[in-house]
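Heads up, the thing below is written out as structure tokens.
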Amino acid sequence: MKLLYPTSLKLDPSLLEGFGASLQPYNVREPIPEEHTDAEVLIAWTNTPSNLKDAASRLKNLKWIQSLAAGPNDVLNAGFDPKTIAITTGSGLHDQTVAEHTLGLLLVSARKFHLMRDSQMQGKWPGNLGGPQPDKEPGTFNTLSEARITVWGFGNIAKQLTPWLRALGADVKGIARSAGVRDGVQVYSEDDLSEILKETDALIMILPGSDSTKNALNAERLKLLPKHAWVVNVGRGTCIDEDALNSALDNGEIGGAALDVFATEPLPESSPLYKQKNVVLSPHAAGGRPRGAEGLIAENLRRFLAKQELKNAL
């Protein structure tokens, strides 16, 4: 059995030895070499669309694809058939890095670091942001202490993030497709969304990209948020109606937005979001560093050879 692993990530192939597989590195930006088109297993990470489409058309013996991305969209868009090829994702490999980035965006938003940086670059002293300041003033988002944080898309990343938020004094609620209590957090269904948004100081979105989540945060739902509320998105950019968001910012209907993902990436230079005062942009930087990849690959390789159910399978 031949397994192809990407050179786009520093993997330790010695951790994948002992399964009787021939381990072969490959370049994710070039077509798969002809001598490796007989591979049965493909590990994917940051592959170009052309590389994956080429692999879909030429790797006729392929039986399993292990993507190290949190979702399968890139693989599915390339034309691989999930009915004949097992496809597994890297769900769980990005929990800590995305949660950490989310916490950073929240702190930047609450403590107004972005405005301080703007003043610094202009050689100005932002005196209005320093000195004596009101604490927990109603109608403001300036601290995580007692802040009402809503996480829309309450999965593994939210479970990693919530203890950190609670340690800083935040009140955390979750929104998911089904209600319940998860890791001690009250999670509401999307039917309760309109009421929860009205009592939210910061809305964290960690939704996957799909037809059902496209423009999930639209003009109508943005109007439900308090005028001081911030929107933080580390899920998928398609989940926010960016025109509606920009309009809400222009009209002072929300406090601001901290965004790591966008409907089109890179975000076009023409996007008005670049010019918004109370917007913090990061270039899809929350993840990008799958942790424990070898462990997931090895576990699924063992299961694959034993004909057992694969972890993170579609």
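The values are calculated or read from the model by the stated rules, or taken from the named source; none is laboratory data. Please read these numbers as outputs of a predicted model, since none were measured by experiment. A quick note on method: Cβ atoms are made from the backbone with ideal geometry, for glycine too, and the neighbour counts reach across all protein chains shown. What goes into the accessible areas is simple: the full protein's heavy atoms, side chains included, and nothing from ligands, DNA or RNA. Shrake-Rupley method; radii C 1.70, N 1.55, O 1.52, S 1.80 Å.
Summary table below
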quantity	calculated
Surface/4 of the Cα convex hull for the stretch 113-203, nm²	7.4
Net charge of Cβ neighbours under 13 Å - reference Q96; Lys, Arg +1; Asp, Glu -1	+1
Span from the the stretch 216-292 Cα centroid across to the the stretch 146-204 one, whole angstrom	18
Size-normalised alpha-carbon gyration radius of the chain, reference 2.2 N^0.38 Å	1.12
Cα-based Kirkwood hydrodynamic radius, the stretch 201-314, one decimal, Å	15.9
Under-5 Å amide H pairs with V28, H placed in peptide plane, nonlocal only	T7, S8
Greater than 20 Å apart at Cα, pairs in K112/K277; K112/K227; K83/K311; K112/K214; K10/K63; K10/K53	K112/K214; K10/K63; K10/K53
For the stretch 90-216: accessible area per residue (Å², 1.4 Å)	52
Principal axis dimensions, largest first and in whole angstrom, of the stretch 236-286 by Cα	27, 19, 17
Percent accessible area from carbon and sulfur atoms, the stretch 1-131, protein chains only, probe 1.4 Å	51
Mean separation of Cα contacts under 8 Å (6+ apart) over length of the stretch 44-96, as relative contact order %	41
For the chain, share of DSSP beta bridges that run antiparallel, in % to the nearest 5	10
Stokes-Einstein D in µm²/s, Kirkwood radius over Cα pairs - the stretch 1-61 at 10 °C with 1.306 mPa s viscosity	135
Rg over Rh, two decimals, the stretch 179-261 (C-alpha only, Kirkwood Rh)	0.96
